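Down below is the structure, laid out as structure tokens.
The values are calculated or read from the model by the stated rules, or taken from the named source; none is laboratory data. This is a predicted model, so every value here is computed, not measured. For neighbour counting, all protein chains shown are included, and Cβ atoms are generated from backbone atoms with ideal geometry for every residue, glycine included. What goes into the accessible areas is simple: the full protein's heavy atoms, side chains included, and nothing from ligands, DNA or RNA. Shrake-Rupley method; radii C 1.70, N 1.55, O 1.52, S 1.80 Å.
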Amino acid sequence: MNTLVINCGSSSVKYALFDANELVLHKGKRERLSSDEGKSHQDALNELFNELDSFDIHAIGHRVVHGGDAFRAPTPIDDTVISAIEQWSAAAPMHNPYALMAIRDTQKRFPSLPNVAVFDTAFHARMPRRASTYAIDHDVATRHNIRRFGFHGISHEYAAGVAANFLKRPLDTLRLVTLHLGNGASACAVEYGRSAETSMGNTPLEGLVMGTRSGDVDAGVLMGLLQSGEYDVTSLNKLLNHNSGLKGLSGISNDLRDIEQAAADGNDRAQMAINVFAHRARKYVGAYAAAMGGIDAIVFTGGIGENSASMRERILQRLEFLGVQLDLDRNRSSKIANDEEYAVISEPHSRVDVIVVKTNEERMIARETLRISAGEKIAEVPRIPIAVSARHCHLTKETFEALFGAGAEPTMDKPLLQPRQFACKERVNLIGPRNRIDNVRVLGPLRSVDQVEVARTDEFRLGVDAPVRDSGKVAGSAPITLEGPQGSVKLKEGLICARRHIHMQPEDARQFGVKDKDEVSVSVLGGERSLIFGDVLVRVKDSYLLEMHIDTDEANAAELGRGASGGLSIDDIDDDGGVKQLGEAAYHQREKST
Ligand code: AMP
């Protein structure tokens, strides 16, 4: 399963082809693209596809900068997704149109391959309202969709994940501040795995000092500039997006390397640019630590975050009060080699770890694309109807007659889905050492072995310890006394808690890629209490109809009612060597997005 990732920037196209183990098979980039002169984005895409001609491609992931608040996760691309990306193009005119160009191009060239959009905004889409809301007239904000969207989400999420791996702690137990410092720069408060705050706002202009962007500016200044007549909207855009930040401050360059050199040579504006950059970043770290009530680690990524030891040192100055102890030597000597993901630059006993992570948006996009396209494959297989079995018993002729009288026959009340199976009018009482349960259904037809199936809660009511068993396997199970209108029977064994299972025909099994006696997981998603049932036994027979059986406790746990259904997730590698345990989450996303 090879995944092509296309990352279209405002003047660049980066691409990489990953195999299923996230190894890069091929990669490249085209820079300084322009729609007016020289090479265009379309030229770059044409070259890219020529270059990749000899490779197998199975899925394509596209970085999409702006998905607004509509997308909370990577999403398979269809017409609805395309029109949403189009709609957000006005808010991201330097990015979304190029992503669309690439999407349309790949759809034309590879009509049968799945295309997945991975959004920069998605990671932030569930930010708390208090963080995403600007304090302006609420009606105006609603009408114009003025809220904090946040960007660089793919990078922040990736960096947070790498940091959690290093710390050997689940991401959802950590409070991190991730600093993506490159030509574009943003900070993110990653609180227990989610973006709780981020410095880029409604557009990627807000927040930190960037290569050419100003970051935070008092809005009053902008009104003043407009009022002065010297600026209109176009020239203001140019000022703030292209001639500010490190470039505007230093008057030298947007590249920190040039500025650091000039500063070392005594250039005052270069020194000021560095100071303003570091101060702003430090201020955000402190603010986010306060917003989260503490931090476990600070994570640097992006061209500056990964490479400028002196900038990292400056930013971390004065943060000792938070428990940050930088190891100056490690910081200065840290170089992330090509094949390494991270370097740790804090003292071993520092309460807050400081980690440098090599950003890898393409890898993150490949990972998500593989997950989602695998999920799509699973989403195409049928849903499994779920039937809830209330406590019931299967009886032998001998036991039935002992309970209901010699010569008695079960009488059908209503048929069940599985052929020839029916619920009887007859009912029995279960007598346990602790308590009794009356009016338990008998199911027909009669069998060769007595078997009474109850839920865990029933066991406790009866006061017995029934093992979880496959139907029919009652040897050594719990004893129970049955009471009928004509007599009672003490079963030495036969009381079980039935193991959840799915009945299916060979054709279903083929479609699901499973066989008789396999164990699978079934997810019940989308309701109020989503649940994944593990250890579900597959039972295949020509006469079966597709149906999963669970007991009342299990149904209650997932709050399932009539007409419930589940999705299958295959625990083992499937026939074409593809997905492994990828189905659930991907399926969930798919369900949410459709
Ligand atoms: P990015 O946008 O993430 O590719 O970051 C690009 C920026 O990283 C460049 O414009 C430089 O300012 C900065 N950068 C890259 N390497 C270094 C370095 N060795 N020292 C200082 N800054 C660097």
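A few remarks follow.
- In the stretch 167-194, of all residues being over 15 Å from ILE154 (Cα atoms) and among the polar types (S, T, N, Q), the one that is farthest from the ligand (Cβ to nearest atom) corresponds to THR173.
- Residue selected from the stretch 468-518 under the condition within 31 Å of the chain's Cα centre (by Cα) and on the phi > 0 side of the Ramachandran plot, by the criterion most open to solvent (accessible area, probe 1.4 Å): LYS517
- Residue list for the stretch 292-310, filter: touching a strand residue (DSSP E or B) at 6+ places or on another chain (Cβ under 7 Å) and within 23 Å of ILE274 (Cα to Cα): ILE298, VAL299, PHE300, THR301, GLY302, ILE304, GLY305, GLU306
- Meeting the requirement of 1 or more residues that are open to solvent by 10 Å² or more (accessible area, probe 1.4 Å), the strands (runs of 3 or more DSSP E) wholly within the stretch 1-88 are 13-18, 24-30, 59-64.
- Scanning the stretch 319-337 for residues that are under 27 Å from GLU157 (Cβ atoms), of a type in the set (D, E, K, R) and more than 14 Å from the ligand (Cβ to nearest atom) turns up ASP327, ARG330.
Listed here are the residues, each with its yes/no results for (1) exposed (fewer than 15 other Cβ atoms within 10 Å of the Cβ); (2) on the phi > 0 side of the Ramachandran plot; (3) of a type in the set (Phe, Trp, Tyr); (4) touching a Gly at 6+ places or on another chain (Cβ under 7 Å).
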| position | (1), (2), (3), (4) |
| --- | --- |
| PRO97 | no, no, no, no |
| ALA102 | no, no, no, no |
| ASP105 | no, no, no, no |
| SER112 | yes, no, no, no |
| HIS124 | no, no, no, yes |
| PRO128 | yes, no, no, no |
| ILE136 | yes, no, no, no |
| HIS144 | yes, no, no, no |
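- Tally of residues being of a type outside the set (S, T, N, Q), within 16 Å of the ligand (Cβ to nearest atom) and open to solvent by 20 Å² or more (accessible area, probe 1.4 Å) across the stretch 273-296: 2
- Flag if LEU316 is in contact with a strand residue (DSSP E or B) (Cβ under 6 Å, 6 or more places away or on another chain), farther than 24 Å from ASP172 by Cα and away from the ligand (no atom under 14 Å from the Cβ): yes
- Subset of the stretch 3-18 (residues that are among the hydrophobic types (A, V, I, L, M, F, W, C) and over 20 Å from SER373 (Cβ atoms)): VAL13
- Scanning the stretch 121-165 for residues that are acidic (Asp, Glu) and closer than 24 Å to PRO74 by Cβ yields a single hit, GLU157.
- Sole exception among (1) touching a Lys or Arg at 6+ places or on another chain (Cβ under 7 Å); (2) open to solvent by 10 Å² or more (accessible area, probe 1.4 Å); (3) assigned to a helix (DSSP H, G or I); (4) within 14 Å of the ligand (Cβ to nearest atom) for LEU240, by number: (4)
- Per this entry, LEU225 is counted among residues that are more than 15 Å from the ligand (Cβ to nearest atom) and either part of a helix (DSSP H, G or I) or open to solvent by less than 60 Å² (accessible area, probe 1.4 Å) (or both).
- Residue check for LEU246: among the hydrophobic types (A, V, I, L, M, F, W, C), closer than 28 Å to GLY150 by Cβ, within 13 Å of the ligand (Cβ to nearest atom) and within 37 Å of the chain's Cα centre (by Cα): yes
- Residue match in the stretch 329-343 (condition: surrounded by 18 or more Cβ atoms within 10 Å (Cβ to Cβ), more than 19 Å from ASP255 (Cα to Cα) and among the charged types (D, E, K, R)): yes
- Search result, residues across the stretch 259-278 that are among the acidic types (Asp, Glu), free of Cβ contacts under 8 Å to residues at least 40 places away in the same chain and assigned to a helix (DSSP H, G or I): ASP268
- Single condition LEU171 does not satisfy, out of (1) more than 17 Å from ALA281 (Cβ to Cβ); (2) of a type outside the set (D, E, K, R); (3) open to solvent by less than 40 Å² (accessible area, probe 1.4 Å): (3)
- Considering only residues in the stretch 249-258 that are within 15 Å of the ligand (Cβ to nearest atom) and touching a Lys or Arg at 6+ places or on another chain (Cβ under 9 Å), the one that is most open to solvent (accessible area, probe 1.4 Å) turns out to be ILE252.
- Some residue of the stretch 380-389 being modelled with pLDDT of 95 or more, surrounded by fewer than 18 Cβ atoms within 10 Å (Cβ to Cβ), in contact with a helix residue (DSSP H, G or I) (Cβ under 8 Å, 6 or more places away or on another chain) and not hydrophobic (A, V, I, L, M, F, W, C): no
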